[in-house]
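Down below is the structure, laid out as structure tokens.
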Amino acid sequence: MPLLEILEDHFTGALDTGKWPGSYGDVTAAGGRGRIPCNVGGFAGLRSASTYTLAGSHFLLRAYPPAVNGAVSTAALSLLVLSSVGGTDAGFIIDTAQGAMGVYARTDYADGGALFPPYDPVQHAWLRLRETGGTLLWESSPDSSNWTVLRTSPAPAWVADADLSLLMESTRTDGSNNVAEVDNVNLPTSLALLGAARTTATAQPLAGQKAYRLGAARATSSARPLSAAHVVQLGAARTRARAGTVMRLPRPAQTLTASAGGPTLTPSTTGPQLAAISTTGG
């Protein structure tokens with residue numbers, strides 16, 4: 001049961017029909033984006049296979065809804081996770097003719113709890129729908145890093161189905177024909193990008209760029225704090241053995257004192273001492 005988040009596309013090169021087998025209406029990939037015609041009275045869409053689940057997963061993308069182009073009624077881009085039941089879905093519908101965005105979880109094409117915030121092309125540049133802990137969250141971001149929650153709702157049971165698909169569809173009722181576009185499906189630009197490969201003895205150069213997901217670190221290791229330094233006190237040097245250079249110390253003067261048992265030697269000076277000059281960290 002693949003998670004919806006594994007469906008990734010940055011639309012470099014020709015349209016990957018293996019990822020979008022249910023597409024219709026002359027959709028293409030052009031200029032590094034998925035391009036969806038927005039024609040009066042027509043519908044066109046990029047649609048994935050019906051093999052995914054939304055439970056514990058998400059979809060996100062960069063959205064480029066159609067320009068108004070004289071429309072008064074509708075010029076829209078729909079971004080929906082579809083269940084196997086027609087009209088039962090969840091996601092976003094951006095209508096630039098109305099200047100609004102619908103935030104939906106629909107049954108039979110209706111949602112009494114839908115929200116309709118004014119569409120902001122900067123704050124709503126990136127859109128994400130995710131399920132976590134039995135809750136659906138609709139979110140937006142200007143940069144794919146900083147997300148704002150637009151709505152939350154208990155997740156309907158169908159989000160755990162294994163036959164869901166992602167649909168990105170455009171249509172208009174009036175005005176002039178143009179296109180809607182999408183990009184970076186499940187590939188936020190905050191990910192590291194690997195550029196074209198540089199030549200090596202056996203590697204082949206890569207023509208395009210590839211997004212690489214940076215996961216959370218699996219293990220961390222922290223240094224333990226030092227409670228105190230361990231110091232070794234060096235006492236007075238007694239001997240100097242095997243030194244590279246041996247210096248002869250002058251023999252201290254001695255005094256002979258007569259006694260019954262023979263002379264007694266009394267040192268008149270003391271030998272040198274070495275001060276402690278090093279410590280060892282514990």
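Counting only other residues whose beta carbon sits under 10 Å from that of Leu54, what net charge do I get with K and R as +1, D and E as -1? It would help to have the intermediate numbers written out before the result.
Working: positive: Arg130; negative: Glu5, Glu131, Asp161.
Result for the neighbourhood of Leu54: -2.
Cβ under 11 Å from Trp20's Cβ, Trp20 left aside: what net charge do those residues give with Lys, Arg +1 and Asp, Glu -1?
Working: positive: Lys19, Arg47; negative: Asp9, Asp16.
Result for the neighbourhood of Trp20: 0.
Ranked by accessible surface with a 1.4 Å probe, highest first, in what order do Ile36, Ile93, Ile6 come?
Ile6, Ile93, Ile36
What does the charge count around Leu4 come to, taking other residues whose C-beta lies under 10 Å from its C-beta (Lys +1, Arg +1, Asp -1, Glu -1)?
Working: positive: Arg130; negative: Glu5, Glu131.
My count for the surroundings of Leu4 gives -1.
State in Å² the accessible area per residue of the stretch 103-199; use a 1.4 Å probe, count heavy atoms of protein chains only, and round to the nearest integer.
Working: 4490 Å² over 97 residues.
Here the per-residue accessible area is 46 Å².
Got a sec to turn the phi values of the stretch 96-103 into Karplus ³J(HN,Hα) couplings, 6.51 cos²θ - 1.76 cosθ + 1.60 with θ = phi - 60°, whole Hz, x for Gly and Pro?
Ordered by residue, 3J(HN,Hα) equals 6, 5, 8, x, 9, 10, x, 10 Hz.
Kirkwood Rh over Cα pairs of the stretch 1-147 into Stokes-Einstein at 10 °C, 1.306 mPa s: D in µm²/s? Walk me through the intermediate numbers first.
Details: Rh = 16.1 Å.
Diffusion coefficient, whole number: 98 µm²/s.
Please give the length that would be gained between Phe43 and Asp108 if that part of the chain were fully extended, namely 0.36 nm times their separation in residues minus their C-alpha to C-alpha distance (nm, one decimal).
Working: separation 65, 0.36 × 65 = 23.40 nm, distance 1.92 nm.
That pair, Phe43 and Asp108, stretches by 21.5 nm at full extension.
The values are calculated or read from the model by the stated rules, or taken from the named source; none is laboratory data. All values derive from a computational prediction rather than experimental measurement. A quick note on method: Cβ atoms are made from the backbone with ideal geometry, for glycine too, and the neighbour counts reach across all protein chains shown. Ligands, DNA and RNA are stripped out before the accessible areas are found, and what is left, the full protein with its side chains, is counted by its heavy atoms. Shrake-Rupley method; radii C 1.70, N 1.55, O 1.52, S 1.80 Å.
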